[in-house]
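Note sheet for the following structure.
The numbers here are math on the coordinates, done by the rules we state, and not lab data. For clarity, every value in this text was computed on a predicted model and none was experimentally measured. Quick reminder, even Gly has a Cβ in these numbers, built from the backbone with ideal geometry, and neighbours come from all protein chains shown.
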Amino acid sequence: MCGITGYIGNRDAYPIVVNGLKRLEYRGYDSAGIMIYDGKNIQLTKTKGKVSDLEVITNKEEERKKGNIGIGHTRWATHGVPNDVNSHPHLSKSSDLVIVHNGIIENYDSLKKELITRGYTFKSDTDTEVLINLIEEVKKEENCKLGKAVQLALNNVIGAYAIAVFDKTKPDEIVVARLGSPIAIGVGEGNSEFFIASDASPFIEYTKNAIYLEDEELAIIKLNKGIKVRKIKDDSLVDANIQKLKLSLEQIEKGGYDHFMLKEIYEQPKAITDTFRGRMLPDEGLIKMSGIDDHLQKFLNANRIIIVACGTSWHAGLVGEYLLEDMARIPVEVEYASEFRYRNPIVTANDVVIAISQSGETADTLAAIKLAKSKGAFVFGICNVVGSSIARETHAGAYTHAGPEIGVASTKAFTTQITLLTLISLKLAKSKGTLSNSAFRMYLQNMQLIPNKVADLLKIDDKVKEIAAVYKDAPNCLYLGRGFNFPVALEGALKLKEISYIHAEGYPAAEMKHGPIALIDENMPIFVIATNKGHYEKVVSNIQEIKSRSGKIIAIVTQGDTQVRKIADHVIEIPETEEALTPLLTTIPLQLLSYHIAVMLGKNVDQPRNLAKSVTVE
Ligand code: M6R
């Protein structure tokens, strides 16, 4: 949670830091702040609200914008309500030191009490203000430089952090450090300038060279001199590995769409293709995935596969369970990472754990991985963000290659995660002989057609919009599906809740009669996935049960369906495909529906209230 940016170089820092904050706003957007050092003074501006609110203030006072060094922050509140005072950056008591912080200092209360006994006072309720004063106290006590003081202070801290710290008395450097929260450093030509950010998007137009700090590392970034990276624990020097970024500016802009979410929905044909490109070879009847190939025996000999994830990624994991068990006949359990990590689960060295995460930074998923590793399990990661913490923490893995997902509501991450899980299931099924060669080839051919079918489905956007207009004012909605499409029902409900704030529940269709049926009356819209294979007849019976109770039915059916059309109030058709592949199609109209309802209700689609894109706190 929270985004941090920084710049030190010869350009004006303000536009770089502020534009960087706009790109990081997906991480948190309840307050924003910036510090610019003008060569003499620290100019601090911070406010409750979005980066645009911050700009309203800075635009009135041009003085606040002058200087070549700056740090900035966009916040998702943890300690202290969102208000001007709790916004970052925070100053130390002497006002010489300034900090921006992403994460949580768990022992801040005891540190604060200790600092109070030493004469410190606090303006905010934040853990961050405690940290910057701790750094100041250590610097004074040890009579040391900023880098050393940050290192010593962090050794007394319990929690998670990505920080950037500036010292007015030594204004040619910025010190950054990480534990559990990401930090990337962009390196300009000849060390003439450096960029700091929670991810590389804020500096992509300036440099393609980036260093990603590892956990428990601290970097001293010195203008014209370079970067020194050290281990926080023992002060040992680390070789900073400069990576070449593949990200482009175009990828992180809206490209003519009104919202990132809509752009990302429309990117799915390409994203799915990119996920299987080079991996799925239908002509050769092969799936190549080095992360699996190199560890094939681990998967084939596994007692079971445990999938850990959160939110939408957990829903994709549930589709994975249906796929893996159906195709590869390997027992699968799907766990909320947040529960798994604390419930003393039974995990052995014969288990394979698959961790799924778009961001690769979700704190609960990361902790679940660490727990599984400590018990000897082999952990495989499915991530979208290249070089993310989860990608690095796992033994092996595969990237979804969906491209940056900025909208807080996950869309293309979901379908590309399912695409990867389908490839993995097919590959394991082939290796185990649980799927015949002809069935395997048939699946590959059908998979190859999915991107075009998704593209076709996107053409019915106007029809989905009409349905959205009918149901936009409903206070509650139900989503029903069976088999492979039960997780899609859950995901459909989550999408609606997240961005339109309408209460929605996803249920296995047959479970409806065990309780939720009591909710049904003429005001209740029910979205039912009723594709023509699998449990079709059973779902049709469920639809009849709803109709008898006057519920409104919006059914997702296969093209050419006649039976459901007779009963449903609205039908949305998807192209024909194998039942196991239908989640890649049935999801699309539900995403569009949520999007249009949220837009019609005037909600902030890309930045829904109370949410953040990556949840790097527990
Ligand atoms: O980055 P991750 O996939 O680990 O994120 C997990 C959830 O936080 C995420 O899917 C969340 O539920 C989204 N807002 C869903 O749209």
Using 0.36 nm times the number of residues separating Thr117 and Val56, minus their current alpha carbon distance, what extension gain do you get?
18.0 nm
Taking 0.36 nm per residue of separation and subtracting the Cα-Cα distance, what length does fully extending Asn191 through Asn41 add?
51.6 nm
Segment 11-110: GluC sites (Glu not before Pro) in DSSP loop, at most 16 other beta carbons within 10 Å:
Glu61, Glu106
Go through segment 390-395 residue by residue and turn each phi into a ³J(HN,Hα) via Karplus (6.51, -1.76, 1.60, θ = phi - 60°); whole Hz please, and just put x for glycine and proline.
5, 4, 7, 7, 7, 6
Grab the DSSP H runs of the chain that are 4 residues or longer, score each as -39,500 (n - 2.57), total them, divide by all residues and round the 222 nm result to the nearest 500 deg cm²/dmol.
-11000 deg cm²/dmol
Which one, Ile4, Ser124, Tyr507, is farthest towards the positive end of the dipole of the chain when Lys and Arg carry +1 and Asp and Glu -1 on their Cβ?
Ile4
Answer with one residue from Ala32, Phe195, Tyr443: the one whose Cα lies farthest towards the positive end of the charge dipole of the chain, charges on Cβ with Lys, Arg +1 and Asp, Glu -1.
Phe195
From the C-alpha gyration tensor of the chain, square roots of 5λ in Å:
45, 27, 22
With a point put 7 Å past each Cα toward its Cβ, work out how far Thr348 is from Asp521 in nm, to one decimal.
5.4 nm
Estimated FRET transfer efficiency (Asn83, Ser438; beta-carbon r; R0 60 Å; 0.05)
0.40
Holding the Cα-Cα limit at 18 Å, pick out from Lys65/Lys222; Lys288/Lys427; Lys263/Lys412; Lys288/Lys432; Lys66/Lys168; Lys40/Lys148 the pairs that are longer than that.
Lys65/Lys222; Lys40/Lys148
List every DSSP H helix in the chain whose Cα atoms extend 18 Å or more along the helix's own long axis and whose mean Kyte-Doolittle hydropathy is at least 1.0.
583-600
For Ser236 and Tyr501, calculate 0.36 nm times their separation in residues minus their Cα-Cα distance, and state this gained length in nm to one decimal.
90.5 nm
Neighbour-limited loop hits for GluC sites (Glu not before Pro), segment 462-548 (at most 16 other Cβ within 10 Å; DSSP other than H, G, I, E, B)
Glu522
Report the label-to-label distance for Lys459 and Gln243 in nanometres (one decimal), using points 7 Å from each Cα along the Cα→Cβ vector.
3.9 nm
Expressed in nm², what is the orientationally averaged projection area of the convex hull enclosing the Cα positions of segment 458-603?
7.4 nm²
